[in-house]
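Written below as C-alpha cells is the structure these notes are about.
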Amino acid sequence: MRVTFTVNGREESADDVWEGESLLYVLRERLGLPGSKNACEQGECGSCTVYLDGLPVCACLVAAGQAEGRQVRTVEGLADGGRLDPVQEAFVECGAVQCGFCTPGLIVQAHDLLERVPRPSDAEIREALAGNLCRCTGYEQILDAVRLAAARKMARKTAQKMAQKKARKAD
Amino acid sequence: MDFLRPTTWEDALAAKADQPEAVPVQGGTDVMVEINFDRRRPPALLDLNQVAELREWAMVDGACRVGAGVSYTTVIEELAGPLPGLAQAARTVGSPQIRNRGSIGGNLGAASPAGDSHPPLLAAGAVVEVESLARGVRMIPAAEYYLGVKRSALEPDELIRAVHVRPATGPQYFSKIGTRNAMVIAVCSFAIALHPGERRVGTGIGSAAPTPRRAPEAEELLAQELDWGAPLDPALAGRFAELCAAAAAPIDDVRGAAAYRVHAIAVMARRTLTWAWNDHLARRAA
C-alpha cells in the first residue's frame, strides 16, 4: 500500500509498504531518515522515539498505515537549519553520548519534556526518560545535558522577552 | 494482509462484521510487538486511530464513559479525580511514549492477566461496552469479561466501544510489584476501592491467576465485619489479606514464582486497605 504523511514539515510518500510494517521501518528504510534507531522493536528502549501529531511515541509500535495523513517529527527535524536545538547542543557539550545509539530517542524525548515542563525537577527528568535505555553512559551526563538545555532555553526565552520589551519601548 | 482504516464507529463495526478475523489496533503497543516479532500474521489490521469518538470520555448516566481509544496519558491527566485507581494504574504503564499510545480499550482487548487497567476496573465495578453490527450493544460487567489467559467475552464480530466506571465515592489504591519503577509488566498487582455509601470494598487481583479477578470472599468479609467509623482492626486486615491471597491462583514464570505472588498479594491487600482506610478516616474527620 501507499502511505503519505508529513515528516519534518514535508509531505512524503512511500510505496509498496507492507500492511504490518512499522512507521520506524518506513522512516529508516523507505524515506532515508535513519536518525530514529531500530533496537528492541517492542517499545522497551525508546531509541525510535519520534513525535506523532506532537506526542512522543515509539515509532516501532506505530503501524505505518496509522501515520497516514498525520504529522511526524523525527530527530532530523529538531535543528533549525544548521543550528542545533538547545537539547542537541547540550548533549554534545555534556558528553551525553558514547556509542550514540540511544541518543536520537533521548533527544526527542527530552525535547518534548522541555516543551511541556520548562524547568523540570530531577524526578521529572528521570520519569520522562524512564523509557529510554542507554547501555553506555550511566545516565549522569544525560541528566546534566537535560538540565543544561532547560537552563539555556529559559535564558533564551528571557532574553527574547527582554528584547521584545525594549523594542516595544523604543516604539 | 489488509489494512482497514474506518473513520467512523459505524464503518468500524461494518469492517469487523465483514472481516471478523481482522485484529483491531489502537496504540499498537501489544499488537505491533507481536507483528514485529513474527508471532502473529493476522489477515487484516483494523486501525481504529481515525475513529475520533473512541478517544473521548464523557459522563453518561452518572458514570464516566471512557472511550476505548482513550490513552493512559489522558486517563492520568483528565481522570485522576473521578477514577483515581485507574489513573494510578495508568501511571505505572510502560514509559511516557507507551502511555501516549496505549489505551484502556487495547488493554481490555488484549485481556492479558498482567494488564494494569484490569484490577482497578474490577475493584470499581466497571462495565465494558461492546458492540457488533448484528447484535448491537452489550454491556459486560468487568467481573464477567475476562474468561482466560488473553481471552475475553468479546465475540469475533464485536469491538470495544468504551468502559463505564462510576466516579469514586471513596479512596482507591493500586499497587504493583516489578523490578523497576518504570517499564515493568506486573509480577502481580492489586487494586482496592472503598464504596462507603454501600459499606462495601471492591478488589482486583492482577497477574496472579489465568485472568484478572476479584477476591469475592475477602470482599464479603469486609462487608460483614468492617466498622466504617472506627480505626482498622489489624486482625481483620490480616484476614482480608489471607482471603485475597487465597483468591489468587498464580503460576511460576519468568517474572516471579507462584509462592512469591501469593505472598505479595497478601502484602499488597493489607497495605492498600490500610492506605485507603487511613484516607477514609481522614475524610470523615475533615
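The values are calculated or read from the model by the stated rules, or taken from the named source; none is laboratory data. Quantities reported herein were computed from a predicted structural model and do not represent experimental measurements. Note that each Cβ is placed from the backbone with ideal geometry, even for glycine, and that neighbours are counted across all protein chains shown.
B:Thr73 falls short on exactly one of the conditions (1) part of a helix (DSSP H, G or I); (2) facing chain A (nearest Cβ under 10 Å); (3) more than 20 Å from B:Ala186 (Cβ to Cβ), and that condition is (3). Quick check, is A:Val97 over 22 Å from B:Ser103 (Cβ atoms) and in a loop (DSSP other than H, G, I, E, B)? For A:Val97, the condition - over 22 Å from B:Ser103 (Cβ atoms) and in a loop (DSSP other than H, G, I, E, B) - is met.
Screening the candidates B:Gly105, B:Gly115 for the property of being touching a residue at least 24 places away in the same chain (Cβ under 8 Å), in a helix (DSSP H, G or I), touching a Pro at 6+ places or on another chain (Cβ under 9 Å) and of a type in the set (Gly, Ala, Ser) yields one hit, B:Gly105. Only residues that are within 24 Å of the chain's Cα centre (by Cα) and surrounded by fewer than 15 Cβ atoms within 10 Å (Cβ to Cβ) were counted in segment B:3-22, giving 0.
Considering the conditions (1) of a type outside the set (A, V, I, L, M, F, W, C); (2) touching a residue at least 40 places away in the same chain (Cβ under 8 Å); (3) surrounded by fewer than 18 Cβ atoms within 10 Å (Cβ to Cβ); (4) not in a helix (DSSP H, G or I), A:Glu89 is excluded by exactly one of them, (4). Scan segment B:72-98 for residues that are free of Cβ contacts under 8 Å to residues at least 60 places away in the same chain and either in contact with a His (Cβ under 8 Å, 6 or more places away or on another chain) or surrounded by 24 or more Cβ atoms within 10 Å (Cβ to Cβ) (or both) and the total you get is 6. For segment A:20-58, taking the residues that are among the acidic types (Asp, Glu) and either free of Cβ contacts under 8 Å to residues at least 40 places away in the same chain or within 24 Å of B:Ala22 (Cβ to Cβ) (or both), the one that is farthest from the other protein chains (Cβ to nearest Cβ) is identified as A:Glu29.
For segment B:184-198, the condition holds for no residue, the condition being that it is within 14 Å of chain A (Cβ to nearest Cβ), of a type outside the set (Phe, Trp, Tyr), at positive phi and surrounded by fewer than 21 Cβ atoms within 10 Å (Cβ to Cβ).
Quick check: is even one residue across segment B:184-197 of a type in the set (Gly, Ala, Ser), touching a Ser or Thr at 6+ places or on another chain (Cβ under 9 Å), in contact (Cβ under 8 Å) with a residue 40 or more places away in the chain and not in a strand (DSSP E or B)? Scanning segment B:184-197 turns up at least one residue that is of a type in the set (Gly, Ala, Ser), touching a Ser or Thr at 6+ places or on another chain (Cβ under 9 Å), in contact (Cβ under 8 Å) with a residue 40 or more places away in the chain and not in a strand (DSSP E or B). Considering segment B:167-185, and only residues there that are within 14 Å of the chain's Cα centre (by Cα) and modelled with pLDDT of 95 or more, the residue that is farthest from B:Arg261 (Cα to Cα) turns out to be B:Gln172.
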